[in-house]
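Every read-out reported here was derived from the displayed coordinates using simple, explicitly stated rules and does not represent laboratory data. Predicted, not measured: the structure shown is a model, and the values here were computed from it. Ideal geometry is used to build each Cβ from the backbone, glycine not excepted, and the neighbour counts take in all protein chains shown.
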Amino acid sequence: MYKLFQDKVPFAQSNENRFKDNELRRLDRLIKKQIKEKFSSELNLYIVDSASCSACELELQTLFNPLYNISKNGVKVVYEIEKADILIITGLVSENMYKEILDLYEQLKEPKRVILFGDCPLFKAPFQDTFAIKRPLEFEFSSAYNISGCPPEPKRILNELLHYLKEYI
Ligand code: SF4
């Protein structure tokens, strides 16, 4: 097994660019440019999961793997809300998380930017028919941007992120 990794890992790393298609390269370049211009080259995301099925988080994590490698364009995940440029919310909003999310929003620095990630926060995904769920978050954050999908796949996330950075910031 160890030998397998020895053989495969350097191969995968050295061929990162070969697997990137033109669309990914274009997104890389444009997202990096937007982040440089509007966030001094570093965009900090705070991601909160409020009753998601975890598939949206997995797709978000994918952006940081060696293929998509969004961190090299300046995107970072932070764990202190005060440092965040954008609050990203996944999942439906459970009774338990409702107040926590409003608290996070209060602490988010101005201008407050929120992305409702996936179909759940807008109640367009499964699972909403349960006593534990509050109403859709679009009622709370009317200016929030929605990246739709169940879950949205990486290229779609990147396209939407680029659109958001270009048109809304
Ligand atoms: S939008 Fe779909 S994939 Fe994302 S958390 Fe909801 S059910 Fe899961």
Kindly state, to the nearest 0.05, the FRET efficiency for Phe39 paired with Glu95, given R0 = 35 Å and r defined as their beta-carbon distance.
0.55
What are the ³J(HN,Hα) values, in whole Hz, obtained from phi via the Karplus relation 6.51 cos²θ - 1.76 cosθ + 1.60 with θ = phi - 60°, for each residue of region 102-108 in sequence order, with x given for Gly and Pro?
5, 5, 4, 4, 4, 7, 5
Could you list which residues have their amide H under 5 Å from that of Ile133, counting only those 5 or more apart in sequence or on another chain, with H placed in the peptide plane?
Glu95
For region 65-82, 3J(HN,Hα) per residue [Karplus equation, 6.51 cos²θ - 1.76 cosθ + 1.60, θ = phi - 60°, Hz, x = Gly/Pro]:
7, x, 6, 7, 6, 5, 5, 6, 8, x, 8, 10, 9, 10, 10, 10, 4, 4
Taking neighbour counts of Cβ atoms within 10 Å as a proxy for exposure, in what order, fewest first, do Glu42, Glu59 appear?
Glu42, Glu59
Using θ = phi - 60° and the Karplus form 6.51 cos²θ - 1.76 cosθ + 1.60, what ³J(HN,Hα) does each residue of region 88-100 get, whole Hz, x for Gly and Pro?
10, 10, 10, x, 6, 9, 7, 3, 5, 8, 3, 5, 4
